[in-house]
Structure formats: C-alpha cells, structure tokens
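Student: This is the structure, below, for whatever I ask next.
The values are calculated or read from the model by the stated rules, or taken from the named source; none is laboratory data. Note that this is a predicted model, so its numbers are computed, not measured. Glycine gets a Cβ as well: all are built from the backbone with ideal geometry, and neighbour counts include every protein chain shown. Ligands, DNA and RNA are stripped out before the accessible areas are found, and what is left, the full protein with its side chains, is counted by its heavy atoms. Shrake-Rupley method; radii C 1.70, N 1.55, O 1.52, S 1.80 Å.
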Amino acid sequence: MESAGELSYMENGESKDLLGKESWNNGIRTAQNMSNSLLRKKSDPMLVSSVRFRMLRQFLANLQEVILGTKLAVLFPAIPLAIAADFYKFGRPWIFALSLLGLTPLAERVSFLTEQIAYYTGPTVGGLLNATCGNVTELIIALFALYQNKIHVLKYSLLGSVLSNLLLVLGTSLLCGGLANLKKEQRYDRKQADVNSLLLLLGLLCHMLPLMFRYAATPGVFTADSTLQLSRASSIVMLVAYVGYIFFQLKTHRQIFESQEEDEDEEKAVIGFWSGFSWLVGMTLIIALLSEYVVGTIEAASESWGISISFISIILIPIVGNAAEHAGAIIFAFKNKLDISLGVALGSATQISMFAVPLCVVVGWIMRIQMDLDFSLLETGCLALTILVVAFTLQDGTSHYMKGVVLCLCYTAIAACFFVHKMPAPLDQTNGNPGPRLSSGLSA
C-alpha cells in the first residue's frame with residue numbers, strides 16, 4: 001500500500017525525483033514556518049493503508065495529515081460548536097469565545113498548507129504565498145471589521161498584533177531563552193533585526209503623520225478629509241516599501257532570512273498540490289466565517305464580561321489567534337536559536353504594520369469607507385515607544401533574560417492601560433454611516 005507521501009506524488013502524476021531541486025526545503029524557509037512546525041506531529045500511514053478504495057484512502061490520508069497532524073487538534077471541536085451556537089442563538093459571548101478558540105488551530109494549519117503547496121511551486125512562489133498568508137487570521141478579521149464599519153475594532157486588532165509580537169512574543173522568548181541558557185552567551189544576527197526595525201520605523205512615521213497633521217491644524221479647521229488623503233498616500237508608500245522588502249527577502253538578500261535550523265531528515269510534501277490547495281481554500285473560508293462571528297459578537301462579549309473592547313481587541317484576540325506561532329518562537333528560544341524567534345516576532349510585526357494596515361486603508365478607499373492611519377494619541381504613543389524600546393533592546397546582537405523581563409513588563413503596562421481604557425461606542429458606526437470624526441482617530 002502507498003504511504004501518505006507517495007499518495008501526494010501520485011495525485012500530481014509526478015515521480016519523487018522531479019521535486020528535488022525545486023523543493024521548498026532548498027528555497028527560503030522562514031522563521032514562521034519553523035516555529036509552527038514544532039506543534040506538528042507525524043501521522044502513521046498504516047492507519048489508512050488497509051482501505052481498499054484508492055480515492056477514499058487518499059482522502060483519509062489527507063484528513064489525517066491536515067486535521068490530526070497538529071498538537072492543537074483538540075481545539076477543532078470549537079469550530080462546529082461556534083457554528084451550532086450561532087445557529088441555535090446561544091449567548092453571543094459564547095459564540096465569540098468559541099470562534100476565537102477555533103481560530104487557533106486554523107492559523108497553524110494554514111501555515112502548514114502553504115508550506116505543502118510551496119513544495120510544488122518552488123521557493124519564490126512559496127515565499128510569496130507564505131508572506132501573504134503569514135497573518136491571514138488577523139487580516140481577515142480586519143477586513144470583516146472594515147466591511148461592518150467597525151473601524152475601532154480593526155485598528156485595535158492590528159495594533160494589538162504588532163504590540164503582541166514585539167513585546168509579548170519577543171519578550172517571552174528572550175526571557176525563557178535567557179533563563180534556559182544562563183551559562184551560554186545568546187547571540188543573534190543583527191542584520192535581519194536591523195531590516196525589520198527600519199521598516200517598523202517607516203511604518204511608525206506613516207502612522208504619526210496623520211496624527212501630527214491633525215494636531216498641527218489651526219483650531220476650528222476641519223481636517224478629516226486632508227487626514228484621510230494623507231493616510232491613503234502614506235499607505236501606498238508603505239505597500240511599495242513592503243513589496244521592496246519581499247524582493248529583498250526572496251531574491252537579493254535571501255541568505256539573511258533563511259532559517260539556520262537543519263532537519264535530520266530531508267522534508268517532503270505529505271499531501272498533493274490540489275489537495276493542499278483545496279484544504280487551504282476550505283480553511284480560509286472557515287476562518288472567514290469565524291472572523292465574522294468574532295467581529296459581530298465582540299461588543300456583546302465586552303458588555304457581558306465587563307472588559308473593554310480595546311482590551312479584547314488589543315490583548316486577547318492577538319494572543320489567542322497566534323498562540324501556535326508564539327509557542328514555537330518560545331520553544332526555539334529555549335533551544336538557543338534566537339534568530340528563528342526574532343524572525344517570528346519581527347517578521348509578523350513587520351507584515352502587519354507594512355502590509356495589513358495599509359491594505360485595509362486601500363480596501364476602505366475602494367469601498368468608500370473612511371479608514372485612515374490616525375490611531376489617536378494613546379495608541380500611536382504606545383506603538384512608538386514599543387518600537388523604540390525593541391530597537392534599543394536588539395542593537396548589540398546579544399541577549400539575556402533581563403531584556404525579556406523589560407519587554408514583558410512593558411506589555412503588562414500597556415495591557416493595564418487598555419484594560420482601564422473605556423471607549424464609548426461610536427454612534428455613527430452603528431447605523432453604517434460614518435460621520436466626519438470617524439477618520440480622526442479612535443477616541444476623542
């Protein structure tokens with residue numbers, strides 16, 4: 001009987017030898033892929049080898065790899081429970097909680113499927129696919145918030161993802177890695193950190209310009225339209241910079257971003273191209289459904305739990321949504337492989353800041369929704385101080401646990417700030433008609 005790996009090649013009508021030189025393993029394998037791989041588990045092909053019908057055997061083999069091939073498979077039941085809770089009109093806070101839990105394994109599985117597809121498409125297309133789908137959960141939640149005109153939820157969730165990666169993930173990795181390697185000097189390559197820090201500072205500049213423009217305006221002068229136009233221009237600049245970053249990462253300086261982790265056995269695809277593509281489309285649709293539940297029930301959850309929307313969006317959603325990737329980064333830090341941990345934290349933060357945020361502004365422009373880059377004073381100040389603290393932390397190329405302690409304490413202070421921050425519900429967003437203040441920040 002054929003194994004799951006052999007079935008994947010038979011599905012595409014290819015022999016195993018044809019994939020040698022163009023395999024994903026010989027191309028750039030990013031830190032995000034390495035991080036998520038720690039939560040995967042190998043399946044036993046003998047479980048499905050006794051099935052007689054080839055089509056059924058192949059389907060069961062793919063099902064085993066995709067659904068049961070992760071240590072987070074225990075959270076998959078939250079997905080049908082969330083759908084049932086919505087269908088039978090259970091409490092909306094329950095729908096929110098179940099949907100958030102269901103997104104956790106889906107985010108890790110999307111990373112797995114993009115890696116599988118990359119084995120067949122080659123390193124360049126695989127790298128582009130990974131760069132696009134690396135934070136697909138946050139991006140889909142943001143787009144649904146934009147569609148429902150909940151600009152405050154969109155801005156909070158994207159800001160929270162950046163803060164979570166830069167302070168919580170990076171801080172916990174440095175802390176745990178430092179404690180686990182007290183007698184070793186932990187070093188990392190500064191080149192990757194410098195590139196990401198430059199992009200984050202460029203993104204910060206683009207975020208601050210609309211805010212400074214609004215405060216620099218003459219009192220009594222209406223600046224919403226000008227701020228919106230400036231935000232759209234800045235978003236185009238950010239997207240151009242991100243395209244340049246992808247070209248820099250995949251072509252001219254790919255050696256900087258290649259993972260140094262060496263596998264004992266050469267990895268190969270375990271499912272076929274079309275199976276992987278079909279599973280990827282299906283899981284993306286499920287992520288979209290759960291994201292719609294999350295965005296639609298966040299106010300009810302906030303009111304029921306007595307927690308502000310800002311705290312849920314900035315702290316809870318990013319932590320739960322990317323738990324798999326974050327756990328992998330911490331495990332690599334334990335193994336004294338800080339380059340991978342930094343690649344996860346800084347790479348995800350850069351993608352959200354330079355791709356997801358400006359993309360939402362451009363999509364809002366197309367949809368005639370007043371989405372801008374003015375995140376108001378409190379939010380922009382937290383982002384600016386976070387980027388500066390992280391840049392100073394990573395400037396010398398060495399690490400110890402005290403750096404992790406500082407970053408974690410910074411995240412705790414910001415979490416406390418948004419826990420007590422009560423944002424009044426914008427009346428102009430409940431009826432679908434954005435008012436003039438919508439594009440001037442999150443709060444007055």
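Student: Rank 292, 299, 325 by accessible area, highest first, at a 1.4 Å probe radius?
Tutor: Largest accessible area first, the list is 292, 299, 325.
Student: Beta carbons within 10 angstrom, averaged per residue: use that to sort the peptides 346-352, 86-92, highest first. Intermediate results must be reported in sequence, preceding the final value.
Tutor: Values: 346-352: 26.1, 86-92: 12.7.
Listed from highest to lowest mean packing, they are 346-352, 86-92.
Student: When N is the residue count of the range 75-196, what does its C-alpha Rg come to as a fraction of 2.2 N^0.38 Å? Could you put the intermediate results ahead of the total?
Tutor: Working: Rg = 18.6 Å, N = 122, 2.2 N^0.38 = 13.7 Å.
Relative to the 2.2 N^0.38 Å estimate, the range 75-196 comes out at 1.36.
Student: Tabulate in residue order the Karplus-calculated ³J(HN,Hα) for the range 69-84, using 6.51 cos²θ - 1.76 cosθ + 1.60 with θ = phi - 60°, rounded to whole Hz; enter x for Gly and Pro.
Tutor: x, 9, 6, 9, 4, 5, 8, 4, x, 5, 5, x, 5, 5, 5, 5
Student: Using the Karplus curve 6.51 cos²θ - 1.76 cosθ + 1.60 with θ = phi - 60°, what ³J(HN,Hα) values do you get for each residue of the range 319-332, in whole Hz, with x for Gly and Pro?
Tutor: Result, ordered by residue: 5, 6, x, 10, 4, 5, 5, 5, 4, x, 4, 5, 5, 5 Hz.
Student: In nm, to one decimal, how far is the residue 71 label point from the residue 274 one, both placed 7 Å along Cα→Cβ?
Tutor: A separation of 3.5 nm, rounded to one decimal place.
Student: I've got another one for you. So what's the net charge close to residue 159: Lys and Arg +1, Asp and Glu -1, counting the other residues with Cβ under 11 Å from its Cβ? Before the final figure, lay out each step's value.
Tutor: Numbers: positive: 155; negative: 138, 379.
Neighbourhood net charge equals -1.
Student: Could you compute how fast the range 271-316 diffuses translationally, taking Rh as the Kirkwood radius over C-alpha pairs and applying Stokes-Einstein at 10 °C with viscosity 1.306 mPa s? Give it in µm² per second. Mind dumping the intermediate values first?
Tutor: Working: Rh = 12.5 Å.
D, rounded to a whole number, is 127 µm²/s.
Student: On to the next question. In whole Å and largest first, what semi-axes does the C-alpha gyration tensor of the range 289-431 yield when each eigenvalue is scaled by 5 and square-rooted? Provide the component values of the computation, followed by the final result.
Tutor: Details: eigenvalues 180, 66, 54 Å².
Sorted largest first and rounded, they come to 30, 18, 16 Å.
Student: Could you sort out which of 184/337; 251/335; 71/251; 71/184; 89/422 sit more than 23 Å apart by Cα distance in this structure?
Tutor: Listed pairs above 23 Å: 251/335; 71/251; 71/184; 89/422.
Student: Rounded to whole Hz and in sequence order, give me ³J(HN,Hα) for the range 381-386 from the Karplus expression 6.51 cos²θ - 1.76 cosθ + 1.60, θ = phi - 60°, writing x for Gly and Pro.
Tutor: x, 4, 5, 5, 5, 4
Student: A further question follows. Between residue 400 and residue 194, what FRET efficiency follows from the Cβ-Cβ distance if R0 is 22 Å, with the result rounded to 0.05? Working shown, then result.
Tutor: Numbers: r = 20 Å, r/R0 = 0.90.
It comes to 0.65.
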